[in-house]
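Novice: After the structure tokens below, expect a handful of questions from me.
Bear in mind these aren't lab numbers, they're just calculated from the coordinates by the rules spelled out. This one's a predicted model, so the numbers in the text were calculated from it and none came from an experiment. Counting neighbours? That spans all protein chains shown, and the Cβs are built from the backbone with ideal geometry, glycine included.
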Amino acid sequence: MLQFWISGLRAGLRGKSIHSVLLMGVALLFVAYLSGSFSPRQPRTVALDMGLSGVRITLVLLNLFWIQELLAKEIDRKSVLFSLTYPVSRPAYLLGRYLSVLTMSALATVVFGLALLIAVALSGGGYQQDFPVNLGLPLVATLAGQLVDVSVVAAFALCISTVSSVPVMSIATGLAFALGGKALGATMDYLGAGADNDQQLVATYGPLIEGIRWVLPDLSRLDWRNWPMYGAPLQSDAVTASLAMAGAYALIMLGLASWAIRRREFS
Amino acid sequence: MPLALLARCLAVAVVLGIYAWSLSVLGTQRKAPATPELLVTTPRVVQIIFSAGDRYLAANLAGFRVLVAETGRMTPADYAVQAKLQKDISWLNPAHEDNYYIAANILPWGGEVDASEEVMRLAVIARPMDFLPAFHVGFIQYHFRRSPAEGAKWIMIAAEKAVDPADQWGLQTIAAKWTELGYDTNTAAQLVDAMAASAPPGGFRSYLQQRAKRLHSLARLREAARLFSLRHGGAPSQLSDLVADGLLPEIPHDPIGAGFTLTPSGEPVFKSN
């Protein structure tokens, strides 16, 4: 498994598409820095808010491209067969690749977190906000939450790669999963509050969303930015449940992926 | 060869001519009013989907639309659209400081009192460390709903949230004054003066200063009308009576152009614009 982890890291840092996404992440953080100047009262909060959104989008794309590069393309080109000639099990190969993606994702989170820190510190000029942002532990916790969030997305994309015959499928479905999972909480809130008094909408989509929430994790629960932005403390039981949800879902996806790859015929 | 050169020069001259013509046309065109910035509002769930599922990003993107709108040229329809946008932002991220600040200082003056109060009440819950949302709910109750007692109740909630003892004392004094004296236009004008003074320099501050100035003018008219009633035992039938009676040198100028009028009972009020 170790050799798959190391080879995964090498391949992951080489891809041209990955470099493009990294550049896009830097551009998004620059946009976050600029967006602070729009705000009359809270330039650093807005820069942090926009920056966290940019980091999440970048991490999702990076994870999906890594899964595509390290697994989907290998399966498509049949080069996976060379890897599987080692005397290790197929699930070990899969897990090694997933750990490579997790490691690179953690590195990217640290790099983007530092860049975000600089962007927020520079935004707003000399203006002193009444309510300053907290760039210490609250920001670290928020970035860690985003890392967990994208790890679930990566596990889902990995699972899709093991059953799909088209490499781009893991990116397409992974994007839909990342968007749906992130939007799920707000959608449930919207329907729960009556959907602007649209009874028909509630009647049509309420039961559907109630069913979806059991198969699609609510990734917005891993967004803890109210802590660094507004000083709203995290509720430990909610955080524990969110982490348990994310961990269990990722394990289910990895389990399904292992089951699928054992039965897959590559020839 | 000279013919080819001539043709090239001609082509360059034509392109430069088109460029110069387009610039001259664009230079004479007036900048589009605020309406296009605010006209379209999409359903909340659509806003979230367009923001990659991120409600905070959706709130910020809608917030930028509100921030770039030119408040000085807004029509009632623009205020209605801005109210919807700001309620959306408040639902997406109720703690958004710029959103509640703008909703407090712009929306109610354009007739969107309910929307402003809704944004403010959500901010009171989402921002337990900030006394300003409760203060603004109090001001809405006091000035726009003419309910000094209810306003004072909210000002006391704001005083409980304030950390600085000077803020606490100031807020308690305001609450006591409202409870004791009831509604007074001059007091409202002084508060709007203070809001303008604390606003960032620029169009937003001048917007509030104009509002404060017309409230001061209204307060002067009402005081003159009160003196007129004492002097003559009846209310004035027109504003010019106050000038004719020497109570005012002239009818005050309304900075936003709507002007003043009298109610049937002879009380000076703003003309609806």
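Novice: In terms of the ratio Rg/(2.2 N^0.38 Å) built on C-alpha atoms, what value belongs to region B:7-156?
Specialist: 1.45
Novice: To test your reading of the geometry: what angle, between 0 and 90 degrees and rounded to tens, separates the Cα axis of helix A:236-263 from the longest principal axis of chain A?
Specialist: 20 degrees
Novice: Can you give me the C-alpha center-to-center distance between region A:1-77 and region A:216-267, rounded to a whole angstrom?
Specialist: A separation of 18 Å, based on Cα centres.
Novice: Please identify the DSSP H helices in chain B that span no less than 18 Å along the helix axis (Cα) and have a mean Kyte-Doolittle hydropathy of -1.0 or more.
Specialist: Going by DSSP H runs, the hits are B:2-28, B:55-68, B:76-92, B:113-126, B:148-161, B:165-181, B:185-198, B:203-232.
Novice: Ignoring everything except DSSP H segments at least 4 long, calculate the 222 nm mean residue ellipticity for chain B; use -39,500 (n - 2.57) per segment, divide by total residues, nearest 500.
Specialist: Helix-only estimate at 222 nm: -21000 deg cm²/dmol.
Novice: Rank the residues B:Asp54, A:Asp189, B:Asp88 as a footprinting-exposure proxy: fewest other Cβ atoms within 10 Å of their Cβ go first.
Specialist: Ordered from fewest to most neighbouring Cβ atoms within 10 Å, B:Asp54, A:Asp189, B:Asp88 come out as A:Asp189, B:Asp88, B:Asp54.
Novice: What translational diffusion coefficient, in µm²/s and rounded to a whole number, does the Stokes-Einstein relation yield for region B:155-273 at 4 °C and a viscosity of 1.567 mPa s, taking the hydrodynamic radius as the Kirkwood radius over Cα pairs?
Specialist: Rounded to a whole number, D works out at 80 µm²/s.
Novice: Percent of Cα-Cα pairs per 20 Å bin, from 0 to the last occupied bin, for the protein assembly as shown, please list those.
Specialist: Pairs per bin, as whole percents: 18, 40, 27, 12, 3, 0.
Novice: Take B:Asp164 and A:Ala238, extend 7 Å from each Cα along the Cα→Cβ direction, and tell me the distance between the two endpoints in nm.
Specialist: 3.0 nm
Novice: Between region B:114-139 and region B:59-83, how far is it from one alpha carbon centroid to the other, in angstrom?
Specialist: 19 Å
Novice: Using just the helices of chain A, give the 222 nm mean residue ellipticity in deg cm²/dmol: DSSP H runs with n ≥ 4 each add -39,500 (n - 2.57), and the total is spread over all residues, rounded to 500.
Specialist: Value at 222 nm, helices only, nearest 500: -25500 deg cm²/dmol.
Novice: Further, regarding this structure: Based on alpha-carbon atoms only, what is the radius of gyration of region A:2-263 relative to the globular estimate 2.2 N^0.38 Å?
Specialist: 1.09
Novice: On average over all directions, what projected area in square nanometres does chain B have, based on the convex hull of its Cα atoms?
Specialist: 22.7 nm²
Novice: Of B:Glu97, B:Glu180, A:Glu265, B:Glu118, how do they rank once you tally other Cβ atoms within 10 Å and put the fewest first?
Specialist: A:Glu265, B:Glu180, B:Glu118, B:Glu97
Novice: Restricting to DSSP loop positions (anything but H, G, I, E, B) with no more than 12 other Cβ atoms inside 10 Å of their own Cβ, which trypsin sites (Lys or Arg not before Pro) remain in region B:94-161?
Specialist: When the trypsin sites (Lys or Arg not before Pro) of region B:94-161 are filtered for loop state and at most 12 Cβ neighbours within 10 Å, B:Arg146 remain.
Novice: Using Cα springs under 10 Å in a Gaussian network model of chain B, which residue among B:Leu218, B:Leu230, B:Leu171 shows the largest mean-square fluctuation?
Specialist: B:Leu230
Novice: How would you rank B:Ser206, A:Ser258, B:Ser116, going from fewest to most other Cβ atoms within 10 Å of each one's own Cβ?
Specialist: B:Ser206, A:Ser258, B:Ser116
Novice: Related question: Of the lysine pairs in chain B, how many meet both conditions: Cα atoms under 25 Å apart, and a spacing of 8 or more in sequence or different chains?
Specialist: Lysine pairs satisfying the spacing and distance rule in chain B number 8.
Novice: Here is a follow-up. List the chymotrypsin sites (Phe, Trp or Tyr not before Pro) within region B:156-191 that fall in a DSSP loop (any state other than H, G, I, E or B) and whose Cβ has at most 15 other Cβ atoms within 10 Å.
Specialist: Those that pass, being in a loop and sparsely packed, are B:Tyr183.
Novice: Add +1 for every Lys or Arg and -1 for every Asp or Glu among the other residues with Cβ under 11 Å from the Cβ of A:Phe131, and state the total.
Specialist: Net local charge, A:Phe131 excluded: 0.
Novice: Still on this structure, please answer the following. At most 16 other C-beta atoms within 10 Å and a DSSP loop state: those are the exposed trypsin sites (Lys or Arg not before Pro) I care about. Give me the longest piece of chain A that has none.
Specialist: It works out to A:79-212.
Novice: Using the Cα centre of the protein assembly as shown as origin and beta-carbon charges of +1 (Lys, Arg) and -1 (Asp, Glu), tell me which of B:Met156, A:Cys159, B:Ala188 is placed farthest towards the positive end of the dipole.
Specialist: Checked the options; the winner is A:Cys159.
Novice: Once both axes come from the Cα atoms, what is the angle between helix A:90-122 and the longest principal axis of chain A, in degrees from 0 to 90, rounded to 10?
Specialist: The helix A:90-122 is inclined about 20 degrees to chain A.
Novice: Taking the Cβ of A:Gly36 as the center, what net charge do the other residues with Cβ under 14 Å away carry, scoring Lys and Arg +1 and Asp and Glu -1?
Specialist: After counting each charged neighbour, the total is -1.
Novice: Select from A:Gly51, A:Gly185, A:Gly25 the residue whose mean-square fluctuation is largest in a Gaussian network model of chain A (Cα-Cα springs shorter than 10 Å).
Specialist: Sorting by GNM fluctuation, first place goes to A:Gly185.
Novice: How charged is the neighbourhood of B:Val113? Take every other residue with its Cβ under 12 Å from the Cβ of B:Val113, and add Lys/Arg as +1 and Asp/Glu as -1. Before the final figure, lay out the partial values.
Specialist: Details: positive: B:Arg145, B:Arg146; negative: B:Glu112, B:Asp114, B:Glu117, B:Glu118.
Around B:Val113, the surrounding residues sum to -2.
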